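Data block below; observations after.
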Amino acid sequence: MKNNLLIIGVVILLVIVAYLLAAHHSIYKRIADAGLKASDVKGEYIIGNGTENGSKLKYTALGDSLTAGVGVAKYEESYPYLIAQKISGGTNAVDLHDRSYPGARTDDLINNFLTAAVNDQPDIVTLLIGVNDIHGNVSKTQFSENYAKILKRLKTETKARVFAVSIPYIGTDSLLLPPFNLYFKRETVEFNKIIKQLARDYNATYVDLYTPTEQNSNQADFYAKDSFHPSAKGYALWAEIIYADYHQ
(Lines give C-alpha, C1' and ligand atoms only; values in the text may rest on other atoms or scores of the structure.)
Protein backbone atom coordinates (compact mmCIF):
# COMPACT_ATOMS: atom_id res chain seq x y z
CA MET A 1 0.00 0.00 0.00
CA LYS A 2 2.75 2.43 0.95
CA ASN A 3 4.65 1.63 -2.24
CA ASN A 4 1.55 2.34 -4.32
CA LEU A 5 1.04 5.69 -2.62
CA LEU A 6 4.68 6.54 -3.15
CA ILE A 7 4.45 5.68 -6.84
CA ILE A 8 1.28 7.76 -7.19
CA GLY A 9 2.96 10.69 -5.43
CA VAL A 10 6.01 10.48 -7.68
CA VAL A 11 3.83 10.34 -10.79
CA ILE A 12 1.82 13.37 -9.68
CA LEU A 13 5.03 15.28 -8.93
CA LEU A 14 6.47 14.42 -12.34
CA VAL A 15 3.27 15.54 -14.05
CA ILE A 16 3.37 18.86 -12.19
CA VAL A 17 7.03 19.42 -13.03
CA ALA A 18 6.44 18.53 -16.68
CA TYR A 19 3.51 20.95 -16.86
CA LEU A 20 5.52 23.78 -15.28
CA LEU A 21 8.42 23.27 -17.65
CA ALA A 22 6.15 23.08 -20.68
CA ALA A 23 4.10 26.13 -19.66
CA HIS A 24 7.23 28.18 -19.04
CA HIS A 25 8.86 27.09 -22.29
CA SER A 26 5.73 27.83 -24.30
CA ILE A 27 5.76 31.51 -23.25
CA TYR A 28 9.08 32.26 -24.86
CA LYS A 29 8.62 29.84 -27.77
CA ARG A 30 5.38 31.54 -28.81
CA ILE A 31 7.00 34.95 -28.60
CA ALA A 32 10.04 33.79 -30.60
CA ASP A 33 7.96 31.93 -33.19
CA ALA A 34 5.94 35.06 -33.93
CA GLY A 35 9.15 36.68 -35.19
CA LEU A 36 8.06 40.23 -34.44
CA LYS A 37 10.58 42.99 -35.09
CA ALA A 38 11.02 46.55 -33.85
CA SER A 39 9.14 48.98 -36.06
CA ASP A 40 11.58 51.77 -35.18
CA VAL A 41 14.12 51.87 -38.00
CA LYS A 42 15.31 55.49 -37.83
CA GLY A 43 15.67 56.40 -34.18
CA GLU A 44 14.72 60.04 -34.77
CA TYR A 45 11.46 61.51 -36.03
CA ILE A 46 10.22 65.06 -36.51
CA ILE A 47 6.48 65.34 -35.86
CA GLY A 48 4.47 68.48 -36.59
CA ASN A 49 5.07 71.59 -38.66
CA GLY A 50 7.17 73.59 -36.23
CA THR A 51 6.71 76.76 -34.28
CA GLU A 52 7.04 80.30 -35.56
CA ASN A 53 10.61 80.63 -34.37
CA GLY A 54 11.55 77.19 -35.67
CA SER A 55 12.19 75.66 -32.24
CA LYS A 56 11.42 72.02 -31.54
CA LEU A 57 10.34 70.33 -28.36
CA LYS A 58 12.74 67.44 -27.71
CA TYR A 59 11.27 64.14 -26.58
CA THR A 60 13.40 61.10 -25.73
CA ALA A 61 11.72 57.71 -25.27
CA LEU A 62 13.79 55.23 -23.27
CA GLY A 63 12.96 51.55 -23.04
CA ASP A 64 12.91 48.11 -24.59
CA SER A 65 10.83 46.35 -27.26
CA LEU A 66 7.69 48.05 -25.97
CA THR A 67 9.20 51.43 -26.78
CA ALA A 68 10.79 50.22 -30.03
CA GLY A 69 7.31 49.43 -31.37
CA VAL A 70 7.47 45.65 -31.49
CA GLY A 71 3.98 44.43 -32.31
CA VAL A 72 3.07 46.97 -34.98
CA ALA A 73 4.20 47.21 -38.59
CA LYS A 74 4.63 50.99 -38.59
CA TYR A 75 6.45 53.02 -35.94
CA GLU A 76 3.72 55.64 -36.37
CA GLU A 77 1.52 53.21 -34.38
CA SER A 78 3.95 52.99 -31.45
CA TYR A 79 3.17 54.80 -28.21
CA PRO A 80 6.14 57.25 -28.38
CA TYR A 81 5.15 58.41 -31.86
CA LEU A 82 1.49 58.73 -30.85
CA ILE A 83 2.45 60.74 -27.77
CA ALA A 84 4.63 63.02 -29.90
CA GLN A 85 1.68 63.57 -32.23
CA LYS A 86 -0.56 64.49 -29.32
CA ILE A 87 2.02 66.91 -27.93
CA SER A 88 2.53 68.47 -31.34
CA GLY A 89 -1.13 68.94 -32.09
CA GLY A 90 -0.04 69.31 -35.70
CA THR A 91 1.25 72.84 -35.12
CA ASN A 92 4.32 72.45 -32.91
CA ALA A 93 7.37 70.45 -33.91
CA VAL A 94 8.45 67.55 -31.73
CA ASP A 95 11.89 66.01 -32.19
CA LEU A 96 11.46 62.41 -31.04
CA HIS A 97 14.48 60.25 -30.25
CA ASP A 98 13.71 56.57 -29.68
CA ARG A 99 16.46 55.04 -27.58
CA SER A 100 15.43 51.45 -27.12
CA TYR A 101 15.83 47.93 -28.44
CA PRO A 102 14.11 44.58 -27.87
CA GLY A 103 15.29 42.69 -24.82
CA ALA A 104 16.85 45.69 -23.10
CA ARG A 105 17.03 45.66 -19.31
CA THR A 106 17.90 48.49 -16.96
CA ASP A 107 21.62 47.69 -17.14
CA ASP A 108 21.48 47.72 -20.94
CA LEU A 109 19.79 51.09 -20.87
CA ILE A 110 22.51 52.46 -18.59
CA ASN A 111 25.31 51.07 -20.73
CA ASN A 112 23.91 51.86 -24.17
CA PHE A 113 21.38 54.69 -24.02
CA LEU A 114 21.64 56.79 -20.90
CA THR A 115 24.53 59.03 -21.94
CA ALA A 116 22.96 59.57 -25.36
CA ALA A 117 19.66 60.44 -23.70
CA VAL A 118 21.38 62.99 -21.49
CA ASN A 119 23.19 64.42 -24.51
CA ASP A 120 19.82 64.85 -26.24
CA GLN A 121 19.05 67.47 -23.56
CA PRO A 122 15.38 66.60 -23.95
CA ASP A 123 12.40 68.56 -22.69
CA ILE A 124 10.46 65.34 -22.09
CA VAL A 125 11.54 61.80 -21.25
CA THR A 126 9.37 58.72 -20.99
CA LEU A 127 11.08 55.86 -19.20
CA LEU A 128 9.46 52.44 -19.61
CA ILE A 129 11.83 49.65 -18.57
CA GLY A 130 11.68 46.56 -16.40
CA VAL A 131 9.76 43.82 -18.20
CA ASN A 132 13.00 42.10 -19.23
CA ASP A 133 14.46 42.56 -15.76
CA ILE A 134 11.54 40.55 -14.40
CA HIS A 135 11.77 37.84 -17.06
CA GLY A 136 15.56 37.83 -16.73
CA ASN A 137 15.36 37.24 -12.96
CA VAL A 138 17.14 40.48 -12.07
CA SER A 139 16.89 40.98 -8.32
CA LYS A 140 14.71 43.77 -6.97
CA THR A 141 17.73 45.24 -5.24
CA GLN A 142 19.70 45.43 -8.49
CA PHE A 143 16.71 46.75 -10.39
CA SER A 144 16.21 49.48 -7.80
CA GLU A 145 19.87 50.51 -7.97
CA ASN A 146 19.80 50.62 -11.77
CA TYR A 147 16.54 52.53 -11.97
CA ALA A 148 17.74 55.06 -9.40
CA LYS A 149 20.93 55.59 -11.42
CA ILE A 150 18.87 56.29 -14.53
CA LEU A 151 16.58 58.77 -12.81
CA LYS A 152 19.44 60.51 -11.04
CA ARG A 153 21.28 61.27 -14.27
CA LEU A 154 18.13 62.36 -16.09
CA LYS A 155 17.08 64.68 -13.28
CA THR A 156 20.50 66.16 -12.48
CA GLU A 157 21.99 66.40 -15.99
CA THR A 158 18.92 67.52 -17.94
CA LYS A 159 15.96 69.82 -17.36
CA ALA A 160 13.51 67.29 -18.75
CA ARG A 161 10.11 66.41 -17.39
CA VAL A 162 10.64 62.74 -16.67
CA PHE A 163 7.73 60.31 -16.78
CA ALA A 164 8.50 57.05 -14.98
CA VAL A 165 6.01 54.69 -16.60
CA SER A 166 5.05 51.62 -14.62
CA ILE A 167 5.65 48.18 -16.07
CA PRO A 168 2.41 47.17 -17.79
CA TYR A 169 0.66 43.87 -17.40
CA ILE A 170 2.01 42.04 -20.44
CA GLY A 171 0.67 38.83 -21.92
CA THR A 172 -2.75 37.39 -22.59
CA ASP A 173 -4.33 34.74 -20.41
CA SER A 174 -3.73 32.23 -23.19
CA LEU A 175 0.02 32.92 -23.11
CA LEU A 176 0.70 33.13 -19.39
CA LEU A 177 -0.77 29.89 -18.10
CA PRO A 178 -1.15 29.28 -14.34
CA PRO A 179 0.82 29.65 -12.16
CA PHE A 180 3.01 31.94 -14.29
CA ASN A 181 0.23 34.47 -14.73
CA LEU A 182 0.12 34.86 -10.96
CA TYR A 183 3.91 34.90 -10.62
CA PHE A 184 4.49 37.60 -13.24
CA LYS A 185 1.57 39.61 -11.89
CA ARG A 186 3.08 39.55 -8.40
CA GLU A 187 6.55 40.44 -9.65
CA THR A 188 5.23 43.30 -11.79
CA VAL A 189 3.34 44.75 -8.83
CA GLU A 190 6.47 44.56 -6.66
CA PHE A 191 8.75 46.12 -9.29
CA ASN A 192 6.21 48.90 -9.83
CA LYS A 193 6.29 49.72 -6.13
CA ILE A 194 10.02 50.34 -6.57
CA ILE A 195 9.42 52.55 -9.60
CA LYS A 196 6.73 54.56 -7.82
CA GLN A 197 8.92 55.21 -4.78
CA LEU A 198 11.93 56.17 -6.89
CA ALA A 199 9.77 58.51 -8.97
CA ARG A 200 8.86 60.28 -5.74
CA ASP A 201 12.47 60.35 -4.58
CA TYR A 202 13.69 61.93 -7.82
CA ASN A 203 10.71 64.18 -8.47
CA ALA A 204 9.63 62.33 -11.61
CA THR A 205 6.02 61.78 -12.64
CA TYR A 206 4.82 58.23 -12.02
CA VAL A 207 2.44 56.93 -14.69
CA ASP A 208 0.27 53.95 -13.77
CA LEU A 209 0.16 51.83 -16.90
CA TYR A 210 -0.30 48.59 -14.99
CA THR A 211 -3.89 48.98 -13.82
CA PRO A 212 -5.56 49.56 -17.21
CA THR A 213 -3.42 46.93 -18.97
CA GLU A 214 -4.19 44.33 -16.30
CA GLN A 215 -7.87 44.99 -16.89
CA ASN A 216 -7.40 44.27 -20.60
CA SER A 217 -5.36 41.09 -20.19
CA ASN A 218 -8.17 38.92 -21.56
CA GLN A 219 -8.80 41.05 -24.66
CA ALA A 220 -6.83 39.54 -27.51
CA ASP A 221 -7.22 42.56 -29.81
CA PHE A 222 -5.00 44.61 -27.49
CA TYR A 223 -2.13 42.25 -28.33
CA ALA A 224 -0.04 41.40 -31.39
CA LYS A 225 0.14 37.88 -32.79
CA ASP A 226 2.65 36.76 -30.15
CA SER A 227 0.03 37.45 -27.44
CA PHE A 228 2.68 39.44 -25.55
CA HIS A 229 3.49 42.73 -27.26
CA PRO A 230 0.70 45.26 -27.78
CA SER A 231 -1.19 45.70 -31.02
CA ALA A 232 -1.87 49.12 -32.52
CA LYS A 233 -4.98 49.27 -30.32
CA GLY A 234 -2.91 48.46 -27.26
CA TYR A 235 -0.28 51.11 -27.98
CA ALA A 236 -3.00 53.67 -28.68
CA LEU A 237 -4.37 53.06 -25.19
CA TRP A 238 -0.90 53.43 -23.69
CA ALA A 239 -0.38 56.74 -25.48
CA GLU A 240 -3.67 58.08 -24.13
CA ILE A 241 -2.78 57.11 -20.57
CA ILE A 242 0.74 58.57 -20.65
CA TYR A 243 -0.35 61.73 -22.45
CA ALA A 244 -3.08 62.31 -19.85
CA ASP A 245 -0.35 62.59 -17.20
CA TYR A 246 1.70 64.87 -19.46
CA HIS A 247 -1.28 67.11 -20.12
CA GLN A 248 -2.11 67.64 -16.43
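Points to keep in mind about this one:
- Cβ pairs under 7 Å, 6+ apart, first in segment 163-183 and closer than 26 Å to Tyr147 by Cβ, second outside any helix (DSSP H, G or I) and of a type in the set (Asp, Glu): Ser166/Asp208; Asn181/Asp173
- Residue in segment 78-93 that is of a type in the set (D, E, K, R), in a helix (DSSP H, G or I) and either under 23 Å from the mean Cα position of the chain (by Cα) or over 20 Å from Ile170 (Cα atoms) (or both) present: yes
- Just one of (1) surrounded by 15 or more Cβ atoms within 10 Å (Cβ to Cβ); (2) within 21 Å of Lys37 (Cα to Cα) fails for Phe191. It is (2).
- From the list Thr205, Thr211, the lone residue that is polar (S, T, N, Q) and free of Cβ contacts under 8 Å to residues at least 12 places away in the same chain is Thr211.
- The listed residues are Tyr235, Tyr246, Tyr183, and the only one of them that is in contact with a Ser or Thr (Cβ under 9 Å, 6 or more places away or on another chain), surrounded by fewer than 21 Cβ atoms within 10 Å (Cβ to Cβ) and of a type in the set (Ser, Thr, Tyr) turns out to be Tyr246.
- Some residue of segment 111-126 being under 21 Å from Ala232 (Cα atoms) and not in a loop (DSSP other than H, G, I, E, B): yes
- Matching residues, segment 108-159, being small (Gly, Ala, Ser) and surrounded by fewer than 19 Cβ atoms within 10 Å (Cβ to Cβ): Ala116, Gly136, Ser139, Ser144, Ala148
The rows are residues; the columns are (1) of a type in the set (Asp, Glu); (2) over 17 Å from Asn181 (Cβ atoms); (3) modelled with pLDDT of 95 or more.
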{"position": "Lys193", "(1), (2), (3)": "no, yes, yes"}
{"position": "Tyr206", "(1), (2), (3)": "no, yes, yes"}
{"position": "Gln219", "(1), (2), (3)": "no, no, no"}
{"position": "Ala236", "(1), (2), (3)": "no, yes, yes"}
{"position": "His247", "(1), (2), (3)": "no, yes, no"}
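The values are calculated or read from the model by the stated rules, or taken from the named source; none is laboratory data. Computed from a predicted structure; not experimentally measured. All Cβ positions, glycine included, derive from the backbone under ideal geometry; neighbour counts span all protein chains shown.
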